[in-house]
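Reading through the structure tokens given below for one structure.
The values are calculated or read from the model by the stated rules, or taken from the named source; none is laboratory data. Being a predicted model, the structure only gives us computed values, none of them experimental. We place every Cβ from the backbone using ideal geometry, glycine too, and count neighbours over all the protein chains shown.
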Amino acid sequence: MNTEETDLLTGSLRSVFAGAGADVPRQLRELGWDDVAAADPAATTLLFTEKGRALSAAALLDDAVLPLLTAELPAGLLGGAGLVCYPYPGAGTRPSSTPLGTTGILLRRPAPGECLLIPVADAGGVSLAVAAAAEFTVTPLPSLNPEAGWYAVAGPTPAARYDGSAWEAAVAAAHRALAAEIIGIAERALGLAVEHTSTRRQFNAPIAAFQAVRHRLADAYVAIAAARALLAASFGDGSQSPAVAAIAAAAAKAKAGRAHQTVSASAVQVCGAMGATLEHPLHRYVNAGAVLDGLLGSSAELTVELGAMVRATVASGGEIPLLVEV
Amino acid sequence: MTDVNVDDHLVTDLDAYRAAVREFLAAPTVDQWRGTYLDDDADEMRFTAGLMRVLYDAGLGRYGMPPAVGGLGGDVRHWAVLFDELARAGITPTGQHSLLVTLAYPLAKFAPRLAAVYLPEFLSGDGWWGQGFSESEAGSDLAALRCRATRDGDEYVISGHKVWTSHAETANRIFLLARTGTPESRHRGLSMILVDVDAPGVTVRPIRLASGRAELAECFFDDVRVPAGRLIGADGEGWAVAMYLLQYERAAWAWLRAAVLLQRLRTLAGLLSDGAAAVPAVDEVVGTVYLDLLSLRARSVDTVRRLAAGQTVGPEASADKLLLGACEQSVYDAARSLLGPRFLFGDASRQWREEWWYSRTTTIYGGSAEVQRGIIADRVLKLPKD
């Protein structure tokens, strides 16, 4: 994708997300987004970055993940659109559901008759279960981000199980999308901090003129730049093995989450008391990014997983994946 | 210079160049440089000069520079591949390499005739050059430098002093940034000159860093006469040459350091893997370092590619410099905290201790982290100054 195409798509996406309460999935279909994404997987980065910037709560992640998971399932098993039952946070990238019980998160309220696709941690790895949402207890999930609109799921795990070998690739796709969304959120948070500090005057100067403020914002910029570079690199050149692609995607999400933390801490500090109020929009970006960071492995969990991978790789005489070559 | 058969394939096909380098570095010919560390910087420079010679004779150490200056063609990406492969083979890219990738390109661009005469000695390991920029009163504020070059007929007469010049104790020439304009001319009145260290009036005094290693030196110039033909760029163009040079420091040299740091992470992980069982507190630190290294490379690759494509790198390259400094300290702080007593005590960890101290300077030299943050605040974020 060249710069011109990127700018054009970014403009279209901004107007899609700008419509308050708009039906984003329908508008994306009208835009022919599926064809765009099929032509260049990196278009997902544009989509989710804009989603993040707009703080959209649309459940677009399901659209990115479901086709990967359902490719090997019997046709029509899921019925209509279906929802992914994401692992309940706290177990890294591993499913929280077991053969005994299902727990998880839905990104939107299921429509009547809709089915859930549930990753299950089985003895042999990950399998998939499918069941009507009505068979579970589905309740709104209170969180740091009241705008998320997520639901908690609980209930027994269905006995019928299907091939879950696509789980790793699905998680990788989700990690890349979430990284982009978190980066978009962090960019706007930095933008708000730049706007605030450039106009807010104290001691007869905009507070952005003070070096302590300038340096914090510069570090926030660098954190985002690093995360963005790593996300772009995580798509590889098409020759990555699935294992390396998973490592790259996890690294991208971990770095994005960490960048969001850096940006949030600085933005909240330099926006002063105003930034800590409901009137000021900053809190929405702080909350939204932090909650997304918790999905499918937080930056803290992923960092530990990556460190364990590095040590195990070196111990077995393997090569640490570099992800990037000139 | 034309005795080696130029293999065009390796000029255009980086993968083929990588494969050729990898095969060469797997041979016992280079075993003496694998995992070798010498306490004394001068000894180490003389030792690694041998590796430069071996790579040069094999032709593989000549890619990345055009034939007109002693190279075999290709661009800065060839160096990046060479550094990766050296590190992969357990060989630290040499001190000569770190000077070469920053000095060679500005010389070739601004003084092609000097480059044709002098770069072959650098490529082959017969000589290496210091970068004489900083002075005791001109560190972060480089444009305040005072070392003077006065035109006298077809010569310049240089008087003044430079400090923190890397590997100057053993260097045979200095890339000297001197004032040819008025004392108040700031960056407009500077010129870059290639000065021989053995010229009468040049004195070099090694400086021992806190670790005890004398990697840096102080250079005194006492009415040193240099032919005007040694000017790099035009008289008064020194700042432009220095800024052009900095792009390579932000890109190619950063790539070299990332390769070295990855090698160090591998060594560190090996030292920690005695039991190989997962220890979250350890894995968290190792994972953080790994993420820092990955994002440095991901960022650096764009900068390297842009330079290779002949594009200019702008103020956003300050982010590369900040990431590199953070990464250097991340690796060595991890070593210090995870090795604990093994870091503090014993002969086996002399290198860790020396490099830990050196890593403290990585946010100081080449434009301090504070200067880089200032550049981003001013020119990228465009924050108001008053």
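Listed values, structure above:
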item: Helices (runs of 4 or more DSSP H) (entirely within the stretch A:260-326) containing at least 2 residues that are at the interface with chain B (Cβ under 10 Å from one of its Cβ atoms); result: A:299-315
item: Criterion: out of contact with any Lys or Arg (no Cβ under 8 Å at 6 or more places or on another chain), aliphatic (A, V, I, L, M), at negative phi and modelled with pLDDT of 95 or more - qualifying residue of A:A250, A:A225, A:A229; result: A:A250
item: Within the stretch A:170-200, considering residues that are over 25 Å from B:S368 (Cβ atoms) and β-branched (V, I, T), the one surrounded by the most Cβ atoms within 10 Å (Cβ to Cβ); result: A:I182
item: Given (1) closer than 20 Å to B:A210 by Cα; (2) not in a helix (DSSP H, G or I), index of the condition B:L383 fails; result: (1)
item: Search result, residues across the stretch B:351-374 that are outside any loop (DSSP other than H, G, I, E, B), touching a Ser or Thr at 6+ places or on another chain (Cβ under 6 Å) and more than 8 Å from chain A (Cβ to nearest Cβ); result: B:E354, B:W357, B:A369, B:V371
item: Of all residues making up the stretch B:357-381, the number that are farther than 17 Å from B:G139 by Cα and aliphatic (A, V, I, L, M); result: 4
item: Boolean, B:G229 is surrounded by fewer than 17 Cβ atoms within 10 Å (Cβ to Cβ), part of a loop (DSSP other than H, G, I, E, B) and in contact (Cβ under 8 Å) with a residue 40 or more places away in the chain; result: no
item: Counted residues, the stretch A:201-228 - those being over 18 Å from B:I375 (Cβ atoms) and either facing another protein chain (nearest Cβ under 8 Å) or surrounded by fewer than 19 Cβ atoms within 10 Å (Cβ to Cβ) (or both); result: 7
item: Residue ranges of helices (runs of 4 or more DSSP H) in the stretch A:16-84 with at least 3 members closer than 24 Å to A:D163 by Cα and not assigned by TED's automatic domain parsing to the domain that holds A:L282; result: A:60-70
item: Criterion violated by B:G71 - all others in (1) in a helix (DSSP H, G or I); (2) within 22 Å of the chain's Cα centre (by Cα); (3) more than 25 Å from B:P206 (Cα to Cα) satisfied; result: (1)
item: Residue match in the stretch A:288-301 (condition: among the polar types (S, T, N, Q), assigned by TED's automatic domain parsing to the domain that holds A:L178 and surrounded by fewer than 18 Cβ atoms within 10 Å (Cβ to Cβ)); result: no
item: Number of the exception - A:V244 against (1) touching a helix residue (DSSP H, G or I) at 6+ places or on another chain (Cβ under 8 Å); (2) assigned to a helix (DSSP H, G or I); (3) surrounded by fewer than 20 Cβ atoms within 10 Å (Cβ to Cβ); (4) touching a residue at least 24 places away in the same chain (Cβ under 8 Å); result: (1)
item: So A:L295, is it at pLDDT 95 or above and within 29 Å of B:A281 (Cα to Cα); result: yes
item: Helices (runs of 4 or more DSSP H) contained entirely in the stretch B:268-350, each with at least 3 residues that are surrounded by fewer than 22 Cβ atoms within 10 Å (Cβ to Cβ), of a type in the set (D, E, K, R) and within 9 Å of chain A (Cβ to nearest Cβ); result: B:280-308
item: Count of the stretch B:121-141 residues which are outside any loop (DSSP other than H, G, I, E, B) and within 18 Å of the chain's Cα centre (by Cα); result: 7
item: So A:D219, is it part of a helix (DSSP H, G or I), more than 23 Å from A:I105 (Cα to Cα) and among the charged types (D, E, K, R); result: yes
item: Any hit, the stretch B:249-262, residues being modelled with pLDDT under 95, out of contact with any helix residue (DSSP H, G or I) (no Cβ under 9 Å at 6 or more places or on another chain) and in the same structural domain as B:R373 (by TED's automatic domain parsing); result: no
item: Within the stretch B:179-226, tally of residues that are outside any loop (DSSP other than H, G, I, E, B) and among the small types (G, A, S); result: 3
item: Matching residues, the stretch A:282-305, being under 19 Å from B:A269 (Cβ atoms) and within 18 Å of the chain's Cα centre (by Cα); result: A:L302, A:T303, A:E305
item: Some residue of the stretch B:306-317 being within 19 Å of B:L291 (Cα to Cα) and out of contact with any Asp or Glu (no Cβ under 7 Å at 6 or more places or on another chain); result: no
item: The stretch B:56-71, residues that are buried (at least 22 other Cβ atoms within 10 Å of the Cβ), closer than 22 Å to B:A26 by Cα and in contact (Cβ under 8 Å) with a residue 60 or more places away in the chain; result: B:G61, B:R62
item: Selection count where residues are modelled with pLDDT under 95 and either at positive phi or in contact with a Leu (Cβ under 8 Å, 6 or more places away or on another chain) (or both), scope the stretch B:363-384; result: 2
